[in-house]
Every structure is written in structure tokens, then in C-alpha cells.
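Have a look at the structure below before the remarks.
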Amino acid sequence: MSHEIAQRHWDVIVIGTGIGGGTAGRALAEAGLKVLFVEKGPAGHRAEQTPLSPGIFVPEARVARGFWPGQMRANVDGRATRFFAPLGAGVGGSSVFYAATLERPEPHDLDHSEARPHPTGGWPVSWAEFAPWLDRAQALYRVCGTPDPLSDTPCPNLAAPPPLSRGDARLTEQFRAAGLHPYALHSAIAHLPGCKDCLGFKCPRACKMDGRSAGVEPALATGSAALLDRCTVTRLQGDGERITGIEARRAGEMLSLTADHVVLAGGAFGSPRLCLASASESFPQGVANASGLVGRGLMFHLNEMFAIWPGGDDPSPSKAVGLRDLYWREGQRLGMVQAMGVAASYGEIAWYLRGLVENSALGRIPGAVGLTRIPAAIAAKLLGTAKIFVGLLEDLPYDDNRVLPPEGDSDEIAVDYRIHDELRARRRLFRREIARALRGQRKMFLTRRPELNFGHPSGTMRFGDDPARAVLRGDGRAHGIANLWGADAGFFPTSMGVNPSLSIAAQALRVADAIIREGKNGAR
């Protein structure tokens with residue numbers, strides 16, 4: 001089967017099947033183009049409910065479950081760590097494990113104005129141009145929730161959410177009494193009968209709208225698309241102006257694939273690693289890297305996590321409530337606050353206290369860490385079960401924050417990242433504003449030092465009008481390469497203060513539309 005697929009010339013090859021690749025591939029297949037999805041991980045089994053777990057270390061076992069097999073090697077402020085990042089490698093990518101939060105950005109996230117100046121001068125596409133694609137993505141992913149009461153921009157195609165649990169309803173009233181403006185988070189969950197939400201693990205049915213259920217599966221159903229899973233793309237080949245072929249490895253065999261168009265959708269880590277690994281005489285610095293910016297401008301969100309106790313006896317975790325009262329404060333770009341979908345009881349409190357002790361002078365005292373079990377048990381008993389919330393603090397692009405080129409065939413992802421002074425200052429402001437907004441509530445900050453959200457990488461293939469300062473054009477095509485496109489989180493010039501998924505889907509639809517308008521043999 002793989003030989004038959006390899007011998008065909010495709011209209012479009014999509015590398016990666018997450019939110020960006022799945023969305024773009026579906027739109028292209030539904031328009032009648034012949035699309036080949038190439039995915040590093042397995043197709044998986046539709047009925048599995050595998051959670052994303054960092055506790056599995058064997059690469060083969062990780063791949064079988066749809067996890068990225070290699071570790072992350074992160075050098076953050078000169079401190080090197082290794083760990084398994086929350087990344088997927090299978091049909092649907094990381095999105096099959098996500099909690100399906102698809103929030104809309106705000107106009108000032110894209111547009112520059114005197115009232116709210118944009119740190120980059122604005123995106124190459126305006127809010128007015130981008131908003132219709134957000135609307136289309138929202139409909140495609142069957143997003144439900146309630147409008148943000150602080151927003152004056154329309155939010156169409158928003159289905160009604162399920163009723164709030166007792167604890168969430170109580171929290172919502174407490175927030176409103178404090179002068180805040182909570183709303184039901186925008187979630188890509190169809191809520192079929194018996195829906196379990198599937199926060200943090202694969203959905204065995206088609207309830208959760210992810211890159212698999214809203215992208216790849218509908219694309220395959222058209223008959224115009226095919227899938228090569230367990231296939232690692234090793235190199236892009238080209239003549240300096242076009243991509244002429246793709247080298248890939250599947251089950252130990254080397255394959256050569258060709259298409260009129262190639263869409264990079266391997267994520268903000270995977271796509272730049274592939275481009276940098278494809279250096280050749282035609283592309284001396286790597287594919288699409290004439291600017292030297294491939295892999296640079298890496299951004300995350302900074303997580304500001306806290307527990308809040310609504311009172312009562314509702315132990316169920318949820319991801320139902322959000323608010324944007326702190327999105328913009330004192331002329332600074334901060335971010336939204338949302339429930340995380342986990343509850344805080346004895347285990348979470350013990351983890352927090354253990355971290356406090358380990359990072360203090362008490363950590364050198366034998367047995368001190370173990371003593372945290374006692375106050376944790378008391379806190380859990382007295383306060384009941386809390387809800388975990390997170391503030392998503394916007395990150396900005398710096399060229400020294402980057403994804404490093406891969407070392408040989410290693411699946412290890414290496415990044416260099418420095419937390420700049422302005423980000424530290426905004427973090428202090430964000431924590432202060434969260435504490436002020438929740439004054440009078442039972443709460444506890446769970447984040448001690450700046451915490452990067454490694455599930456939200458972006459910016460490593462940023463788009464823009466100036467080829468000296470951007471990798472992609474505003475329509476998603478690579479500067480200087482006629483038939484190469486980017487449709488994942490790499491395109492972001494700023495990370496914004498919301499979850500990136502809906503914006504990735506919207507840009508993927510824009511990319512697909514540009515390819516469709518050029519036609520099968522376009523690529524001018």
C-alpha cells in the first residue's frame with residue numbers, strides 16, 4: 001500500500017495531522033484535490049481512551065500510544081532540563097489529548113491602534129480579514145459556550161453549552177459578585193449522549209472535535225484523501241524556488257513522495273526542525289530559511305496556576321468557566337483566566353507544599369519533605385476540593401528564543417529560551433491582578449517560578465510581509481518558495497492571550513483556500 005501511495009503524484013501533501021494539518025487537509029479534500037496526509041505516529045484505535053502520560057519512557061511504548069517518542073531538552077535561562085513534553089505523535093497530533101478549548105482572540109491581538117498598540121505593529125492580516133475564518137473554524141469544530149460579556153465583537157456559530165455543575169455555578173456567582181465577568185468557555189465538544197468530555201485523553205467517539213474527528217476522518221471519507229501513518233519525513237528536496245520531493249521513512253523503507261503543493265503542519269517544533277534538517281546546495285541555511293529565522297521567535301504562554309475553593313461538595317473537575325477581565329491591564333498585554341479541567345484535593349496540595357519545601361532551605365533537612373503530607377491532609381480536609389484555574393500570559397517573539405536543529409535522526413526536541421525582563425514584569429503584574437480580582441475568595445497560587453506552557457509552542461515559522469523578518473507570507477506560503485505552505489502554530493507573530501487552537505484552524509482554512517484558488521497546477 002505504501003509503495004502505491006508513494007508512486008502517485010498528489011495535488012497536496014500535508015505533513016502532520018493535528019489541528020492545522022487536519023483542518024487544511026479536510027478543506028482541500030472537500031474541494032476535490034487529491035490529498036496525502038503523512039503522519040509520524042500511528043492511526044491508533046478509535047475506541048481507545050489513552051491519557052497523555054509523562055510516566056511512559058520507552059520510545060516504542062510512547063509511539064504506540066500516540067505520544068511524541070523523544071524527550072524535550074530545554075535550556076531555559078541557562079538551566080538545562082529533560083522531560084517528556086505534552087506532545088502527540090499520531091493521527092490528530094496533540095489535539096486528540098487536549099481539553100478542546102477553542103477561544104477567539106481579540107481585535108487588539110492582531111491590529112495596532114493608539115489605544116492598544118501592538119508590539120510588532122500588527123499582524124499581516126487584519127482582524128476584519130481574519131474574523132470570518134475564525135467564524136468558519138468555529139462552525140467546523142462545533143464550538144459551544146457563551147459570548148464573553150466584555151466583548152463588543154460578534155461571536156457567531158456558538159452552540160449552547162451544557163449546564164454548569166454545582167461548583168462551577170457557585171464559582172460563577174462568586175466571580176460576578178466580585179465585579180468580574182465570567183462566561184462559559186468555548187469548547188470544541190459535540191456533547192453527544194453520554195459524553196464524558198474526554199479532557200486530557202483520546203475520545204473513543206466523535207464527541208471531541210480535534211484534528212482527527214474534525215479533520216482527517218472527514219477528509220478520508222471524501223475519497224479524495226489518503227493517509228500514511230508511522231511515516232517519518234526526513235527531508236524536503238527542492239531547486240531553491242520549489243519543493244520537488246519529500247524523503248520519508250516507513251517501516252525501515254525509504255520513500256520518495258511528490259506533490260504540486262506541500263503543507264507543513266508538524267507543529268511549532270516539528271516544522272522548523274524539518275526545514276533546518278533539509279539544508280542543501282539549493283537551500284544552504286535550510287528550507288524557507290533565507291531570513292535565518294526558521295526556528296526562531298519561539299513563544300509559549302506562561303502558566304499562572306492557582307486553586308480556588310467554591311465551597312460545597314462538588315468534587316468534579318471541569319473546564320467550563322473563563323474570564324477576560326485581566327486580558328489588558330495598565331497598558332500591558334496579559335491574558336485570559338480559565339478553568340483547567342482538574343480538581344485540587346490532597347494530592348495537588350501535597351505536590352504544591354512539597355515544591356515549596358524542596359525549593360527552600362528546609363529541603364536540606366532530612367525528612368522535611370515528607371512532613372508536607374500532614375498539612376496537606378489538614379488543608380484538604382478543611383477546604384474540601386478546589387478547582388484549578390490558569391492564567392495564560394501572552395509571550396512575545398525574540399530571535400534568541402528558538403528550536404535547535406535536530407541532531408541526526410534523534411527525536412529529541414531541543415530549545416533555547418530566555419525569559420526576558422519585560423515578560424517577568426508582566427508576570428508580576430498578572431499575579432498581582434489575579435490576587436486583586438479574587439480578593440475575598442479562598443485561593444492558593446500553585447505556580448512558584450515562571451512556568452512555560454510546553455503544550456502551546458508557537459512563532460517558529462512566523463508570517464509577515466517583510467521576507468527579511470518573516471518565514472511565511474500573510475497567506476501562509478513560504479517567502480521565496482512557490483509551493484510550500486505553513487499551517488500550524490509556527491505562523492504566529494505573537495502568542496496572544498488565549499489558547500491557540502482556533503486561530504490555527506482559521507489560518508489552516510486560509511491556507512487551504514489560497515491553494516484551492518491557485519488550482520492543481522498553480523504554485524506561481
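Quick note: the coordinates plus some simple rules give every number you see, no bench work behind them. Since this is a predicted model, take the numbers as computed values, not measurements. All Cβ positions, glycine included, derive from the backbone under ideal geometry; neighbour counts span all protein chains shown.
Pairs of lysine in the chain with Cα under 27 Å and at least 8 positions apart or on different chains: total?
Taking the Cα cut-off of 27 Å, the pair count is 17.
Expressed in nm to one decimal, what extension gain is obtained for the pair residue 254 and residue 431 from 0.36 nm per residue of sequence separation less their Cα-Cα distance?
The span from residue 254 to residue 431 would gain 58.6 nm if fully extended.
Considering the range 100-183, what Rg and Dmax in Å follow from its alpha-carbon atoms?
Gyration radius and largest Cα-Cα distance of the range 100-183: 15.4, 44 Å.
Return the distance in nm (one decimal) between the two label points of a simple spin-label model at residue 46 and residue 411, each offset 7 Å from Cα along Cα→Cβ.
2.6 nm
Return the sequence-ordered ³J(HN,Hα) values of the range 507-514 in whole Hz as given by the Karplus equation 6.51 cos²θ - 1.76 cosθ + 1.60 applied to θ = phi - 60°, using x for Gly and Pro.
5, 4, 5, 5, 4, 4, 5, 5
Going by C-beta contacts inside 10 Å, put 127, 68, 10 in order with the fewest on the left.
Values: 127 17, 68 27, 10 21.
Listed from fewest to most nearby Cβ atoms, that is 127, 10, 68.
What residues of the range 60-80 lie in the reach of a label at residue 404, counting those whose backbone N is under 17 Å from a point 7 Å from the Cα along Cα→Cβ?
Hits in the range 60-80 for residue 404 at 17 Å: 70-80.
Determine which residues of the range 451-468 fall in the zone a paramagnetic label at residue 153 would reach in this model, i.e. backbone nitrogen under 20 Å from the point 7 Å along Cα→Cβ.
Residues passing the 20 Å test: 458-459, 463-465.
Per residue of the range 122-130, in order, report the coupling 6.51 cos²θ - 1.76 cosθ + 1.60 (Karplus, θ = phi - 60°) as ³J(HN,Hα) in whole Hz, putting x for Gly and Pro.
x, 6, x, 10, 7, 4, 4, 7, 7
Based on the inverse mean of 1/r over its pairs of different Cα atoms, what is the Kirkwood hydrodynamic radius of the range 153-194, in Å?
One decimal place: 12.2 Å for the Kirkwood radius.
Taking all pairs of distinct Cα atoms, average 1/r, flip it, and tell me the Kirkwood hydrodynamic radius of the range 1-144 in Å to one decimal place. Don't skip to the answer; put the middle values down first.
On the way: mean 1/r = 0.0544 Å⁻¹.
When all Cα pairs of the range 1-144 are included, the Kirkwood radius is 18.4 Å.
Within the range 229-269, what residues put their amide N at less than 17 Å from the label point 7 Å along the Cα-to-Cβ vector of residue 8?
229-231, 246, 255-263
For the chain, what is the calculated [θ] at 222 nm in deg cm²/dmol (nearest 500), taking -39500 (n - 2.57) for each run of four or more DSSP H residues and dividing by its residue count?
Values: 12 runs with 129 residues, N = 524.
Counting only the DSSP helices, I get -7500 deg cm²/dmol.
Could you list which residues have their amide H under 5 Å from that of residue 495, counting only those 5 or more apart in sequence or on another chain, with H placed in the peptide plane?
Those lying under 5 Å, H to H, from residue 495 are 395.
In whole Å, what are the Cα extents of the range 163-312 along the three principal axes, biggest one first?
Largest to smallest, the principal-axis extents are 65, 38, 26 Å.
Looking only at the chain, where both bridge partners belong to it, what percent of the DSSP beta bridges are antiparallel (to the nearest 5)?
On the way: 52 of 76 bridges.
Percent antiparallel among DSSP bridges in the chain is about 70.
On the Cα set of the range 140-244, report Rg and Dmax in Å, please.
Cα-based Rg and Dmax for the range 140-244 come out at 20.2, 63 Å.
Just need the relative contact order of the chain here, percent rounded to a whole number, with Cα pairs under 8 Å and 6+ apart. Don't skip to the end; give the middle numbers.
Numbers: 1230 pairs, mean separation 118.1, N = 524.
Computed value for the chain: 23 percent relative contact order.
At 0.36 nm per residue, minus the direct Cα-Cα distance, what do residue 64 and residue 82 gain on full extension? Give it in nm, one decimal, please. The partial results should precede the final answer.
Details: separation 18, 0.36 × 18 = 6.48 nm, distance 2.14 nm.
Between residue 64 and residue 82, full extension yields 4.3 nm more.
Under a 5 Å amide H to amide H cut-off, with H placed in plane at 1.01 Å, what residues pair with residue 87 once short-range neighbours are removed?
68
With θ set to phi - 60°, apply the Karplus curve 6.51 cos²θ - 1.76 cosθ + 1.60 along the range 28-34 and write out the HN-Hα couplings as whole Hz, x wherever there is a Gly or Pro.
The phi angles translate into 5, 5, 5, 8, x, 7, 7 Hz.
Among 282, 410, 94, rank each residue by its count of other Cβ atoms within 10 Å, from fewest to most, as a rough exposure measure. Don't skip to the end; give the middle numbers.
On the way: 282 14, 410 11, 94 26.
Exposure proxy ranking, most exposed first: 410, 282, 94.
Per 0.36 nm of contour for each residue apart, how much would the distance between residue 442 and residue 169 grow if the chain were fully extended, relative to their Cα-Cα spacing? Don't skip to the end; give the middle numbers.
On the way: separation 273, 0.36 × 273 = 98.28 nm, distance 1.60 nm.
Separation in residues times 0.36 nm, less the Cα-Cα distance, equals 96.7 nm.
If we count other beta carbons within 10 Å of each Cβ, what is the order of 213, 224, 280, fewest first? Spell out each step's value before the answer.
On the way: 213 24, 224 17, 280 14.
Least to most surrounded, the residues fall as 280, 224, 213.
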